[in-house]
Amino acid sequence: MKIALVTSKMSSAAGGLGVSVPGMAHALAQAGEDVLTIGTLDPARPKEADAWGPAVRACATKGPQALQFAPGMSRAVQDFAPDLVDVQGLWTYPSLANLRHHQRTGTPYIVTPRGMLDPWALNNSAWKKKLAWGLFEGTHLRTARCLRATAEMEAQHFRSAGLTNPIAIVPNAIAVQPLAPRPSKPLSRLLFLSRIHPKKGLPLLVRAWAALQRKFPDWELVIAGPEEVGHEAEMRALAETLGLQRIRFVGEVQGDEKTALYRSADLFVLPTHAENFGLVVAEALAQEVPVVTTKNAPWSGLETHGCGWWIDLDEQALTSTLSRAMATPDAARRDMGVRGRAWVERDFGWDMVASRMRDVYNWVARGGDTPADVHH
């Protein structure tokens, strides 16, 4: 089957998409599918597009980057003549390009919104999204043969948005790598690794650290990730105002450096306002790091699998939970990490997720019995 994965900015600036889309492309190709990733070039990181799949068509943009207008994208989809298109993300030109292709050819397609129908996300730049919905995105979503959610929570957001399409609930996946030895270090490490963006709840974490730093003088807080919308400068200023110690901003990390940073952590925290999946949670668990995250991320399994804490988005709850987690004996936290890695290996490996998505794709393209992951 010929599958086109259509997306916008093909670079690490895309956050979790920069892991999940290339990973899906490679996993599907290894399973024997003919896969092409079609997306836009990031002018700041054009070389990164090559890694987004075994075959990539990178389209240059014109005009404001926010629109992701790429005149060559429609031709790229047409030239490939896919049996099915999976559009990753919403609100920008790739949605319109795919809708036009479908209207010309009838090619069936699935949309993977990637958290962009979450209430928090919808309220961010709400008027722009309402405009895009009225112009093209509403029609694009309603016409899709199927929508993909990465968790039950995200599927509920689709229904809240008024969408009645069938929904496939299939999680993201990660490549679980062999473990490196834990590095020795002078301080225990609380790690935040994600985009430095207001969505991620960093003000809560910085203020929580102000309440924790004296109680835990043998711990440090490391904040890693690409900066967006000037938010890192705001957090540095807040940390200075609060007189914080043992807090480090280390910027964006990738590849082996990123893996090593996870492996060096004793505890991972993501106090997020909204996640459709939260790939960094799975990445931390895969490196045997227990996790603290909020109920705005679909990770209730942290508690049922005994590998973390799933809490309300509240400064007091975050502070008290981090205090309890940091006071947990090292051996007990290591046991939690072992359980977390076993869970990720079992449920979030690429072979299993790609197999489930192939079943969904075959059903969307060819019909037949409804796969177990599809809900009407």
Conditions (1) under 15 Å from the mean Cα position of the chain (by Cα); (2) without any contact (Cβ under 8 Å) to a residue 40 or more places away in the chain -> residue 243 fails only (1)
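With respect to residue 176, is the statement that it is among the hydrophobic types (A, V, I, L, M, F, W, C), modelled with pLDDT under 95 and surrounded by 13 or more Cβ atoms within 10 Å (Cβ to Cβ) true?
yes
Of everything in region 303-313 that's free of Cβ contacts under 8 Å to residues at least 24 places away in the same chain and touching a helix residue (DSSP H, G or I) at 6+ places or on another chain (Cβ under 9 Å), which residue is farthest from residue 200 (Cα to Cα)? Spell out the reasoning first.
Of the residues in region 303-313, the ones free of Cβ contacts under 8 Å to residues at least 24 places away in the same chain are 303-304, 309-312.
Retained after the next criterion (residues that are touching a helix residue (DSSP H, G or I) at 6+ places or on another chain (Cβ under 9 Å)): 309-312.
Working: 309: 17, 310: 15, 311: 14, 312: 14 Å.
Applying the filter and picking the extreme gives 309.
Quick grid of which residues meet (1) more than 22 Å from residue 165 (Cβ to Cβ); (2) within 24 Å of the chain's Cα centre (by Cα); (3) surrounded by fewer than 20 Cβ atoms within 10 Å (Cβ to Cβ); (4) not assigned by TED's automatic domain parsing to the domain that holds residue 300:
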{"site": "330", "(1), (2), (3), (4)": "yes, no, yes, no"}
{"site": "337", "(1), (2), (3), (4)": "yes, yes, no, no"}
{"site": "358", "(1), (2), (3), (4)": "no, yes, yes, yes"}
{"site": "369", "(1), (2), (3), (4)": "no, no, yes, yes"}
Here's a check for you: in region 132-168, which residue that is of a type in the set (Val, Ile, Thr) and surrounded by 19 or more Cβ atoms within 10 Å (Cβ to Cβ) is nearest to the chain's Cα centre (by Cα)? 150
If we keep only residues of region 1-58 that are in a strand (DSSP E or B), in contact with an Asp or Glu (Cβ under 7 Å, 6 or more places away or on another chain) and not hydrophobic (A, V, I, L, M, F, W, C), then the residue farthest from residue 255 (Cα to Cα) is 2
Could you tell me which of the residues 341, 324 is among the basic types (Lys, Arg) and crowded, with 18+ Cβ neighbours inside 10 Å? 341
Residues that are modelled with pLDDT under 95, within 20 Å of residue 318 (Cα to Cα), surrounded by fewer than 18 Cβ atoms within 10 Å (Cβ to Cβ) and not polar (S, T, N, Q): does region 248-271 have at least one? no
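Take the conditions free of Cβ contacts under 8 Å to residues at least 60 places away in the same chain, among the aliphatic types (A, V, I, L, M) and part of a helix (DSSP H, G or I) and apply them to residue 354. Does it pass?
Against the criterion (free of Cβ contacts under 8 Å to residues at least 60 places away in the same chain, among the aliphatic types (A, V, I, L, M) and part of a helix (DSSP H, G or I)), residue 354 does not qualify.
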What number goes with the only condition from (1) in contact (Cβ under 8 Å) with a residue 40 or more places away in the chain; (2) under 16 Å from the mean Cα position of the chain (by Cα) that residue 112 does not pass? (1)
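Of all the residues that make up region 163-173, how many are outside any loop (DSSP other than H, G, I, E, B) and at pLDDT below 95? First the steps, then the outcome.
Of region 163-173, the ones outside any loop (DSSP other than H, G, I, E, B) are 167-169.
Those still in the list that are at pLDDT below 95 too: none.
Residues meeting the conditions: 0.
So if I check each of 63, 53, 16, which one is over 21 Å from residue 146 (Cα atoms) and modelled with pLDDT of 95 or more?
On the way: 63 fails: modelled with pLDDT of 95 or more; 16 fails: modelled with pLDDT of 95 or more.
Step by step, each of 63, 53, 16 is checked, and only 53 is over 21 Å from residue 146 (Cα atoms) and modelled with pLDDT of 95 or more.
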Looking at 286, 260, can you tell me which residue is out of contact with any strand residue (DSSP E or B) (no Cβ under 6 Å at 6 or more places or on another chain), of a type in the set (A, V, I, L, M, F, W, C), touching a residue at least 60 places away in the same chain (Cβ under 8 Å) and farther than 22 Å from residue 347 by Cβ? 260
Flagged in region 84-128 as modelled with pLDDT of 95 or more, under 20 Å from residue 63 (Cβ atoms) and in a helix (DSSP H, G or I), in numbering order, are 93, 94, 95, 96, 97, 98, 99, 100
Residues of region 180-234 being assigned to a loop (DSSP other than H, G, I, E, B), touching a helix residue (DSSP H, G or I) at 6+ places or on another chain (Cβ under 8 Å) and polar (S, T, N, Q), which ones? 194
Can you report the number of residues in region 117-131 which are crowded, with 17+ Cβ neighbours inside 10 Å and of a type outside the set (Lys, Arg)? 4
Report those strands (runs of 3 or more DSSP E) wholly inside region 240-313 carrying at least 2 residues which are not β-branched (Val, Ile, Thr). 247-251, 267-270, 308-311
Please count how many residues of region 59-83 are in contact with a strand residue (DSSP E or B) (Cβ under 9 Å, 6 or more places away or on another chain), aliphatic (A, V, I, L, M), assigned to a loop (DSSP other than H, G, I, E, B) and closer than 27 Å to residue 128 by Cβ. 2
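The values are calculated or read from the model by the stated rules, or taken from the named source; none is laboratory data. No experiment lies behind these values; they were computed from the predicted model shown. Glycine also receives a Cβ, built like all others from the backbone with ideal geometry; neighbour counts cover every protein chain displayed.
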